[in-house]
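Okay, so here's the structure we're looking at.
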Amino acid sequence: MCQKYEIKRMDAGTLHKFQAGDHTTFTMIMREYQEPIYHFILRMTGNPKDAEDLTQETFVKTYLERTKFRGDSSINTWIYRIAANLTKNHLRWRSIRHYLPLDALARMVTAPSDDTRYEEIELREKNLLKYLQQLSPRQRSVFLLKYFHRLSHQEVANILDISVSSSKTNFHYAVKSLKELVRENNA
């Protein structure tokens, strides 16, 4: 099932404790971000084992490089950027061209509601995944971060190392393309 995540903002005192190496604060931050980071990486790699390993690596790197966090962005953005960079390097290393294998993401897109038959939901999930595969990797990444992780365009831009206008443009074209694909296939 695919969830949308609401991440709490950290106050200055909590961030200071984190940077000072307080293990209790780090554990609290890790618990807050572990599930959304795992799902973000899983959507990018399509492989649960890789997602587990990269999530763990993200938090090891987050802890080891905690003193490098300057506070220019939110800790949310900083952790997602670490995860995005590690995942990008992992995918480059494995020479994977597609971020979202259909069968891996099909199980997490939506949860069945009481009034919808399971078969209908499964068909919609497969169609959505097929449509997402047709987006460029950049549009797909922006769409996933913006829609499923509820990040602002500024946060998406920081994570993917693009401009805010590029984030907005890629999201706009991703939504437009998805709408067109749905329209074409439902005609």
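The values are calculated or read from the model by the stated rules, or taken from the named source; none is laboratory data. Keep in mind it's a predicted model, so treat the numbers as computed, not measured. As a convention, Cβ positions derive from the backbone with ideal geometry for all residues, glycine included, and neighbour counts pool all protein chains shown.
General remarks:
- Conditions (1) at pLDDT below 85; (2) crowded, with 20+ Cβ neighbours inside 10 Å; number of the one not met by ASN127: (2)
- Selection within segment 35-89 - of a type outside the set (D, E, K, R), on the phi < 0 side of the Ramachandran plot and part of a loop (DSSP other than H, G, I, E, B): ASN47, PHE69, SER73, SER74
- First in segment 34-46 and among the small types (Gly, Ala, Ser), second anywhere and crowded, with 20+ Cβ neighbours inside 10 Å, Cβ under 7 Å, 6 or more apart: GLY46/LEU100; GLY46/LEU105
- When ARG107, ARG150, ARG81, ARG117 are screened for being basic (Lys, Arg) and modelled with pLDDT of 85 or more, only ARG81 passes.
- Residue satisfying all of: in segment 5-23; surrounded by 15 or more Cβ atoms within 10 Å (Cβ to Cβ) and modelled with pLDDT under 80; farthest from GLN34 (Cα to Cα) among these: MET10
- Residue check, LEU64 surrounded by fewer than 11 Cβ atoms within 10 Å (Cβ to Cβ) and modelled with pLDDT of 90 or more: yes
- In segment 130-139, the residues that are within 14 Å of THR169 (Cβ to Cβ) and either crowded, with 18+ Cβ neighbours inside 10 Å or modelled with pLDDT under 80 (or both): LEU135, GLN139
- Close contacts from segment 62-89, counting a first residue that is in contact (Cβ under 8 Å) with a residue 40 or more places away in the chain and a second that is surrounded by 21 or more Cβ atoms within 10 Å (Cβ to Cβ) and not in a helix (DSSP H, G or I), with Cβ to Cβ under 8 Å and a gap of 6+ residues or different chains, come to ASN76/LEU151; THR77/LEU151; TYR80/HIS149; TYR80/LEU151.
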